[in-house]
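Report on the following structure.
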Amino acid sequence: MIQWKQYLPIAALILIALMLLVNLITQQWSMISWLALTLAVASFAIYCWLERKTVRQWISTRSFRYGSNTVALIMIVLGILGLVNFIAGRHNFRWDTTQAKLFSLSPQSKKLVKSLNHELHVKAFFRPSYQQPIRDLLEEYANQSKRFRYEIIDPDVNPDQVKRYQIENYETLVLEYGNKIEKITKATEPDITNALIRVMQEGEKKVYFTTMHGEPELDDEERGGLHHAKTKLIAENYQVATIFLAEHQQIPDDCSVLMIVGPKKDLLPNEYQLIEQYLNRAGRLMVLLNPDQPDLRALLSSWGFEIGDNTVIDISPMGQLFGAGYAAPLVTSYPEHEITRDFNLMTLFHLVRSVTPVNQPRAGITVSSLAQTSNFPNSWGETRLTSRVKFDEGQDLKGPVSIAAAAEKEVKLQVQGSDNDTTAAVRKARVVVFGDSDFITNGFFQFQGNGDLFLNAVNWLAEQGELIAIRPKQAEDNRISLTTQQSLLIFWLGVVFLPLSILIIGVVIYVHRK
Amino acid sequence: MAKVWAIFEREMKSYFVAPIAYVVIALFIAIVGIFFYLILASFVQRCYEIDLYAQQWQQTAPAMNLHEWVTRPFFGNMATIALMILPLITMKLFAEEKKNGTIELLQTSPITTAQLVLGKYAAAVALYSTMLAITLIYMLFLFLYGKPEIAQIFSGYLGMWLIGSSYLVIGLLFSTFTDNQIIAAVSTIAVILMFWAIGWVTDFLSPALGKFIGQLSLIEHFEDFEKGVVDSKHIVFYLSFIFMGLFLSYASLESSRWRGSR
């Protein structure tokens, strides 16, 4: 007859299983698991006590002694092997056998990943058939630091994640570090490492507006003020501050973008000097000018901008539709540039002068136009704005007139590393010039694409990409082409003849033996 | 050592006298060969298509890497095929001796259990190494018609050898548990699959536990070899795995001496 106490060990086992299940589901030690564990131990102890005679007998058998010895030995061996593997994991030697060193990070990337202070989460939005290369690459980063964690997400089956991170393209990477997020749409080592630098950089990006030259006020909520622009910048995670250049020895290091908005008086010579120095340290500058006001030509011409002494006239009927006068061109044409990529909104500029990229800028500088007015004869740059406005051949600038341009120049910087080694880093100095400042004042900021164009330009300027120059790796191109004969040879020799001959040898030997 | 060698020789003879070794090798080579042919054919086709596309749109064709497209998937497939085939080599090791009653003879002979385990395991590894060596013929085709990177192929074969030897040690262990060869083979496949798939469940566990469990996955340690990276930590893992399997087999055989005795 089975007595009730026989069930105690079974109950103990069930309780242990329950505890494990609860732990696995809730992923933590809860009240229930502690209770289950206590009950399991208690019921087992009660059983041992009630059946102490049997238990004592059993313990004294030879097989129990040997058995427990063996279990103990297995545990010890497991422990030692675990330790060996732990140490081997910490001090591993990795040999990348590929010729192009496809699975090795550059020393810069390695060093950077190792310097992570807290956890970095990378989410890669890739379709399944494109996941392998990015998995290989991210695995190399993860190998360098425990703090680098990554996850590969199929955007098609995870719309919630796509929405949460506002993913617009396949093959997008999101780097999350603390409360900072960086998104990139190119997943090569240089891109990821530079995104890492950006996301690890402490503090917010700061935009400084110059004052004391008659610029519009940042806090002014009237038509001519910059309140909207300021609010929008803050919403985009920028810090906004004013700066009176003449008071400073140099432009602060935390300056991500320096803004000069519609100065009514020219800058002082030492202010020019500060800006020059700043740009030579790969600074970022945005200048918004107006017709018949200081044009900062001394500074801007050396960066490849030609500032026209004119006011752009646009007599195309489209502008009239929006109630814009002749002197307020409506712009719909944006030459190809990072700032204007996929930009398809209208912008309106009230009283604007031409800003044209010069044909041959100084060495190392690339300048390109950002926005153009409509074609001649609908639009031209008028040099003498009198009561009767008309195009004067030889004096006026023929349309389409460029009214904004961006310049870029690579600057080599020596970056002092933590252990006293300097690495050469390449950064770009960037300058954006608009021929008008009104378009970002409260009166015009919200017109169609005005605000967006401005923010695009600020974002482009504040971008700190290309911090470290790493050459992207390229797999060897060792393709194979086969003729039909070669392909047939491989098939018959490799797939049919080889296994068959092994089989025949086996049969022959077997039969021979028999 | 001489005794280990004696066991090894006896075991090798039994493999090659009976048709079992030839059937297993032929089966393995046939399946591996089909996969090799299909992978290579699709690579050649893809190179051709990409060239055509590039010409049509007047772009430069992207690099087509032989290793990425052929040898890497080839090793991945071979590891899966080995999973199914290798238990056929190990299933008989001890199960047959148990069934025939020869195990008692061996255990009462001057050969120690450790020597017995090592000799039999070495024979299984030797047979497996032969199988791997035959597949080198496929690599020969690659060298004949293309320019594969020899170091990557070495890395893949090293990984194959280590992961296969781990399968074999599981098979060895399970053949000590039973006198039925079918049960030994089936339970070996089941356990290898468990060690294979263990990495997939890690997403459902807490990160710390998941990382620990993931470390036990046989396939996760193989991935680096497959892509051409030789990492000492993976070698240490496989060697520890094999050592543990040998030790457990030893303990399992030893236990039959005292099991059930008072």
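Table for the structure above
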quantity: Hits in the stretch A:293-334 - residues which are over 14 Å from A:GLN448 (Cβ atoms), aliphatic (A, V, I, L, M) and open to solvent by less than 40 Å² (accessible area, probe 1.4 Å); calculated: A:LEU296, A:LEU299, A:LEU300, A:ILE307, A:VAL312, A:ILE313, A:ALA327
quantity: Wholly enclosed strands (runs of 3 or more DSSP E) of the stretch A:152-235 bearing at least 3 residues of a type outside the set (Lys, Arg) and at pLDDT 85 or above; calculated: A:172-177, A:205-210
quantity: The stretch A:86-96, residues that are at the interface with chain B (Cβ under 7 Å from one of its Cβ atoms), free of Cβ contacts under 8 Å to residues at least 12 places away in the same chain and out of contact with any helix residue (DSSP H, G or I) (no Cβ under 6 Å at 6 or more places or on another chain); calculated: A:TRP95, A:ASP96
quantity: Any hit, the stretch A:158-176, residues being touching a Leu at 6+ places or on another chain (Cβ under 7 Å), open to solvent by less than 30 Å² (accessible area, probe 1.4 Å) and either without any contact (Cβ under 8 Å) to a residue 24 or more places away in the chain or within 28 Å of A:GLY89 (Cα to Cα) (or both); calculated: yes
quantity: Residue list for the stretch A:448-486, filter: surrounded by fewer than 16 Cβ atoms within 10 Å (Cβ to Cβ) and modelled with pLDDT of 85 or more; calculated: A:ASP452, A:THR483, A:THR484, A:GLN485, A:GLN486
quantity: Residue in the stretch B:43-56 that is within 9 Å of chain A (Cβ to nearest Cβ), under 26 Å from the mean Cα position of the chain (by Cα) and touching a residue at least 24 places away in the same chain (Cβ under 8 Å) present; calculated: yes
quantity: Among (1) open to solvent by 10 Å² or more (accessible area, probe 1.4 Å); (2) hydrophobic (A, V, I, L, M, F, W, C); (3) within 14 Å of another protein chain (Cβ to nearest Cβ) - the single one B:LEU193 does not satisfy; calculated: (3)
quantity: Residue list for the stretch A:97-114, filter: away from chain B (no Cβ under 14 Å) and surrounded by 14 or more Cβ atoms within 10 Å (Cβ to Cβ); calculated: A:SER106, A:GLN108, A:SER109, A:LYS110, A:LYS111, A:LEU112, A:VAL113
quantity: Any chance B:PHE143 is of a type in the set (Phe, Trp, Tyr) and more than 10 Å from chain A (Cβ to nearest Cβ); calculated: yes
quantity: Those residues of the stretch A:412-441 which are open to solvent by 20 Å² or more (accessible area, probe 1.4 Å) and at pLDDT 65 or above, in sequence order; calculated: A:LYS412, A:LEU413, A:GLN414, A:ALA424, A:VAL426, A:ARG427, A:LYS428, A:ASP438
quantity: Selection status of A:GLN28, farther than 30 Å from B:GLY156 by Cα, outside any helix (DSSP H, G or I) and either away from chain B (no Cβ under 14 Å) or open to solvent by 90 Å² or more (accessible area, probe 1.4 Å) (or both); calculated: yes
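Matching residues to (1) under 19 Å from B:LEU83 (Cα atoms); (2) more than 7 Å from chain A (Cβ to nearest Cβ); (3) of a type in the set (Asp, Glu); (4) in contact with an Asp or Glu (Cβ under 9 Å, 6 or more places away or on another chain):
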| residue | (1), (2), (3), (4) |
| --- | --- |
| B:LEU209 | no, yes, no, no |
| B:LEU218 | yes, yes, no, no |
| B:HIS221 | yes, yes, no, yes |
| B:GLU226 | yes, yes, yes, no |
| B:VAL230 | no, no, no, yes |
| B:VAL236 | no, no, no, no |
| B:LEU239 | yes, yes, no, no |
| B:PHE247 | no, no, no, no |
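The values are calculated or read from the model by the stated rules, or taken from the named source; none is laboratory data. The model shown is predicted, which means the values in this text are computed figures rather than measured ones. We place every Cβ from the backbone using ideal geometry, glycine too, and count neighbours over all the protein chains shown. All accessible areas refer to the heavy atoms of the entire protein, side chains included, with ligands and DNA or RNA removed. Shrake-Rupley method; radii C 1.70, N 1.55, O 1.52, S 1.80 Å.
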